[in-house]
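To start, the structure under review is shown below, and the notes come after it.
Since every read-out is calculated from the coordinates, none of them should be taken as a lab result. If you're wondering where the values come from, they're calculated on a predicted model, not measured in any experiment. So basically every Cβ, Gly included, is an ideal-geometry build from the backbone, and we count neighbours across all protein chains shown.
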Amino acid sequence: MRGLAWAVSIAVGFVAEAAQAEIVHHVNPAPGEPGHYDWRWPGYTSLPPSWLDITRSPAGQLDVQTGSSVAQHGGSPGHWFTFNETNGGAAVAVDHHPYYTGWFTRPQAPGEALDGLGYSASARHYYEGLEHIEDPPSLLPDGMRCYLGVRTDDGRFGWIEIERDGVRLRALSWAYETEPGLAIFAGQVPAPGAAMLVGAGVLRAASRRRRP
């Protein structure tokens, strides 16, 4: 009986740990469908940023700056960029552009680990300079789906599945790991029932040990 009680306590511990550390995943309905969140920046410099909070569902988006939100915004005419504003916002994975200075939003392939990348609270995803108009304006392929790595201000990692449409980004889905510092991979989604399966396996093992 003591062995069974021990197994139950271990199983409960696994379930509790899984409840504390898990991936939360949200899929954005298609444009025009109920609950769709249009993250695209309207494209006028006089308008405020468009915010996407990776910890909230599409229908629950507030379009405000939080410690887990990413913004699209524009600069001066002829210079367009998206950046994640400071003062409590999240950071995005970044890389260098072959032609321009400063950090640019870095595309992630499916399955790429997001905890070992460089992050910045201000990164361009599109830049059109009048003197370099023939150069590629972005590291994100136009019209191709890819992922943005996100790190919240409290150290949680997540991703946004996007498609670039000119100077704007469409958000298709997003996810985040609830435990700060725990790795997540681009495109990774929760495994349904994983915690309960672990617990059931422990109980079965304990039952086999108690048999004569």
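Table for the structure above
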| quantity | calculated |
| --- | --- |
| FRET E, pair GLU163, LEU47, Förster distance 22 Å, beta-carbon r, rounded to 0.05 | 0.55 |
| Cβ-based charge dipole, segment 23-189, positive-most Cα from HIS36, GLY181, VAL92 | HIS36 |
| Which of VAL92, VAL70, VAL27 has the fewest Cβ neighbours within 10 Å, and the rest in rising order | VAL27, VAL92, VAL70 |
| Residue-span extension gain [ASP115 to VAL64] - 0.36 nm each, minus C-alpha spacing | 15.8 nm |
| Length gained when the stretch ASP153-ARG170 is fully extended (0.36 nm per residue, less Cα-Cα span) | 3.8 nm |
| By average C-beta atoms within 10 angstrom, highest first, the peptides 28-37, 153-162 | 153-162, 28-37 |
| Nearest-0.05 FRET efficiency for ARG40 and GLU179, computed from C-beta distance (R0 45 Å) | 0.90 |
| Simple spin-label estimate for ALA191 and MET144 in nanometres, 7 Å along Cα-Cβ | 3.0 nm |
